[in-house]
Each structure stands twice: as C-alpha cells, then as structure tokens.
1. Within 10 Å, count the other beta carbons around each residue, average over each peptide in 23-31, 142-150, and list them highest first.
2. Which whole-number percentage describes the relative contact order of the chain, with Cα contacts under 8 Å and a sequence gap of 6 or more?
3. Would you indicate which of [x] 114; [y] 149; [z] 221 is the value of volume of the Cα convex hull per residue in Å³ derived from the coordinates of this structure?
4. Dividing the convex hull volume of the Cα atoms of region 108-156 by its residue count, what figure in Å³ per residue is obtained?
5. Compute the helix-to-body angle for 15-66: its Cα long axis versus the longest principal axis of the chain, expressed 0 to 90° and rounded to tens.
6. In Å and whole numbers, how far do the C-alpha atoms of region 34-121 stretch along each principal axis, longest first?
7. Is it possible to state the helix-based mean residue ellipticity at 222 nm for the chain, with each DSSP H run of 4+ residues giving -39500 (n - 2.57), the sum divided by total residues, to the nearest 500 deg cm²/dmol? What is it?
8. At 0.36 nm per residue, and after removing the present C-alpha to C-alpha distance, how many nm does the segment from residue 85 to residue 67 gain when stretched out fully?
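Values in this text are rule-based calculations from the coordinates and carry no lab data. Treat the numbers as computed from the prediction; the structure is a model and nothing was measured. Reconstructed Cβ throughout: ideal geometry from the backbone, glycine too, with neighbour counts over all protein chains shown.
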C-alpha cells in the first residue's frame, strides 16, 4: 500500500492583518464615543419632554371628559394637576401619580415654568392660560414644552 503525502495549508491571519483591524476598530471607537456621550443626556431630556407633552395632553383630555378646568403646575421632579383655574387646593391624584399627586419624570429630570403662566385647559380642551415649561436634565441640557392658546402642546 502506498501512502500519499498531502500538503496541508495553514489558515489564519497574520499579525499585520490583525493590527489593521485593531486600528480600524480604534478609529471608529474614537469617533463614536464622544457622539454617544452627548447623545445619551440629550435623548433622556427629549424623552422627558415627550412624557411631559403626553401629560399635558392628558390634562386637556381630563378637562374635556370631566367638564372642569384643569391647571397644570410644575412640582419637584414632575408636575401636578388641579381641577380649578388657580392650581390651588388638593392636587388630583390617580393613576400615574405618587402619594402627593405628582407625576414624576424619570432620571432626575426637573420641570419649571419657563414663560407665561401655568397652563389651564377648559372643558373644550382650549388653553385659557398658555405657558411654556422647561424640562432640564442633570447635566444641564434642557428643552421646552409649550401650550398654545388652541390647546395644542408642542416641543420646538
């Protein structure tokens, strides 16, 4: 019986190829990391602004369904609803609020009145008082949520 010699090829990568791949990955990481460090705080504030926009629309809907005015007041780390035009008395408490009637925003987001007065919606969903609320994150990045006279809630 005759034995046949078979040549075996070696598979793998050279050191030079591995270094080129490592250099490309390093360059991509060098570009991506600063972008991510600015994107995440901004995205957190934008999410909170959309959450506040949804809450203001909920106040408008509550005013229409209960046929009572609803005033929205910024509170520590969130906002409250009052079923009157002056934001006084006992805040509304229900689904989504804590024991003090506060709708809280996640990630240490604060809400303050930026311009105008506290938004108040009437039984037709129209804002009898317009206002602009500022949402600010822990890093100082902020955006505004505005209530127009028509009752429309916008984020610029």
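1. Working: 23-31: 9.8, 142-150: 17.4.
Highest to lowest by the protection proxy: 142-150, 23-31.
2. On the way: 272 pairs, mean separation 30.9, N = 156.
Relative contact order of the chain: 20 percent.
3. Given [x] 114; [y] 149; [z] 221, the calculated one carries the label [z].
4. On the way: hull volume 3.2 nm³, N = 49.
Spelled out: Cα convex hull of region 108-156, divided by residues, is 66 Å³.
5. Computed tilt is about 20 degrees.
6. 49, 27, 21
7. Working: 1 runs with 52 residues, N = 156.
After summing the helix terms and dividing by residue count, I get -12500 deg cm²/dmol.
8. Values: separation 18, 0.36 × 18 = 6.48 nm, distance 1.27 nm.
This chain segment gains 5.2 nm when fully extended.
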